[in-house]
Amino acid sequence: MLSTDSRVNGVPHFDVKITDKNLDNTVRSLMSHIKKSWDITKLHHKVYDSGITNKLVGYYVVDGDLKVSTRFGEYGRSDIVLVRIYGSKTELIIDRAQELRNFQELSRCSAAPPLYCTFQNGYCYRYLEGKVLGVEDFKNPVILNLCAKYIAKLHSLRLSDEYLKQHKMESTLFSTMRKYINLIPAEYESKEKQERFLSAVPSKKDLLGEVSVIEEAVSKLEKKMITFCHNDLLCANFIFDEYEEEIHCIDYEYGCPNYAAYDIANNFNEFAGIDEPDFSLYPSEETQRVWFKTYLQTYNDINGINRAVQKADVDGLYVQVNQFSLASHLFWGIWALVQAHVSQIDFDYMEYGILRFNEYFARKDKCLALNKEENETKQ
């Protein structure tokens, strides 16, 4: 079962595909290899359902009759191994090799947990202890402050030469959007989806036009910073360790070099939530400016920049982030149209895409005007 080859250097690869039918037996076999100290007869599991593209199951063993507790090390529970199984056809829009490189690189930087093994349609890694954050948590100033500091640390990572052989420090945001547009079907199999697509979604030609509009707008922004970005900073991808009072992030499949302001903007857009998005929860200008000051000061401190954050720094980031918020809505709207065609997960991707496009057009003129206002102020 164990392959001599590995998708990731130094990480075992198992040449098996996990399905609903073989899940239990296959995972037991995997655990016997990667957790040799475990008594597999005492294996327990928990299904996590916060994702909308992959299946995630946690496995652990419990000694005796001790209860599973949040602080597992103190209550007899061994560490948890998460088994991540890719969603059907997600390889069309996610570069799985890149995802694994991201995981390994972030682990090297102590920004992600250890990667235990890979298999044909997924991988296993160590569980990060903590609370998965939700929409309500992002109304808490303490959480916002911790997230600003975490994202500044993420954007300060020093990527290895090995990683940079695969990824240039440049953004592929707009080329990726165009790639996704080409994956949108000419016609959806479902008549109901097709009718909604035709009545409520811009044509592929119009979508390409909008991508060009935003690409041109952000090209005029000054001092754009490209860093390693998570690119999917939705609420549920944040883990809060309340014992250590630290924030961590999970799910790195979209990670790559990108505009730092896009990563921040995407996070702000995700304050709305997923199932029933409420875009009125997008942070106010006052909240954003407090967040930006914390982020910028943390970034300066980490990178040895002996300089206090100036109002002009905050002003500039405010313009960048709010223009990139348009790119975020456009990206995930297009992404949702592809998922509506290929995904087998029970989620209304078409409706989600329509909501993102509606918000994009509702904010477009106001956000695009910010760059003009900034230039006029400088003059």
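Answer with one residue from Leu115, Val338, Asn145: the one whose Cα lies farthest towards the positive end of the charge dipole of the chain, charges on Cβ with Lys, Arg +1 and Asp, Glu -1.
Leu115
For the chain, with only Lys/Arg (+1) and Asp/Glu (-1) charged at the beta-carbon, what is the dipole magnitude about the Cα centre, in debye rounded to 20?
The dipole magnitude comes to about 820 debye.
For segment 88-205, with only Lys/Arg (+1) and Asp/Glu (-1) charged at the beta-carbon, what is the dipole magnitude about the Cα centre, in debye rounded to 20?
So the dipole magnitude of segment 88-205 works out to roughly 240 debye.
Among Leu326, Gly316, Gly353, which residue has its Cα positioned farthest towards the positive end of the charge dipole of segment 307-358, with +1 placed on the Cβ of Lys and Arg, -1 on the Cβ of Asp and Glu, and the dipole taken about the Cα centre?
Checked the options; the winner is Gly316.
Kirkwood hydrodynamic radius, computed over distinct alpha-carbon pairs, for segment 258-344: how many Å, to one decimal?
14.4
What's log10 of I(q)/I(0) for the chain at q = 0.10 Å⁻¹, Debye sum over Cα points only, no solvent?
-0.69
Once you put a point 7 Å from the Cα of Lys17 and another 7 Å from the Cα of Ser280, both along the Cβ direction, what distance in nm separates them?
In this crude label model, Lys17 to Ser280 measures out at 4.7 nm.
Modelling each spin label as a point 7 Å along the Cα-to-Cβ direction, I'd like the Glu351/Asn145 distance in nm, to one decimal.
Distance between the two pseudo-spin positions: 3.8 nm.
Between Ser32 and Glu245, what is the label-to-label distance in nm when each label sits 7 Å out along the Cα-to-Cβ direction?
4.7
Going 7 Å from the Cα of Gln166 along its beta-carbon direction, which residues of segment 78-115 have the amide nitrogen within less than 13 Å of the resulting point?
Flagged as within label range: 95-108.
Below 8 Å, C-alpha to C-alpha, sequence gap of six or more: please give me the relative contact order for the chain in percent.
Relative contact order, the chain: 17 percent.
How large is the accessible surface per residue of the chain, computed with a 1.4 Å probe and reported in Å² as a whole number?
The answer is 49 Å² per residue.
Ignoring ligands, DNA and RNA, what percent of the accessible area of the chain is carbon or sulfur (1.4 Å)?
48
Charges at C-beta only: +1 for Lys and Arg, -1 for Asp and Glu. How large is the resulting dipole of segment 131-273 about its Cα centre, in Debye rounded to 20?
Charge dipole, segment 131-273, about its Cα centre: 580 debye, nearest 20.
Helix-only mean residue ellipticity at 222 nm, the chain, DSSP H runs n ≥ 4 weighted -39,500 (n - 2.57), per residue, nearest 500. What is it?
-15000 deg cm²/dmol
The values are calculated or read from the model by the stated rules, or taken from the named source; none is laboratory data. Note that the coordinates shown come from a computational prediction; the quantities given were computed from them, not determined experimentally. Please note: Cβ atoms are built from the backbone with ideal geometry, for glycine as well, and neighbour counts cover all protein chains shown. Each accessible area value is taken on the protein alone, full model and side chains, heavy atoms only, with ligands, DNA and RNA left out. Shrake-Rupley method; radii C 1.70, N 1.55, O 1.52, S 1.80 Å.
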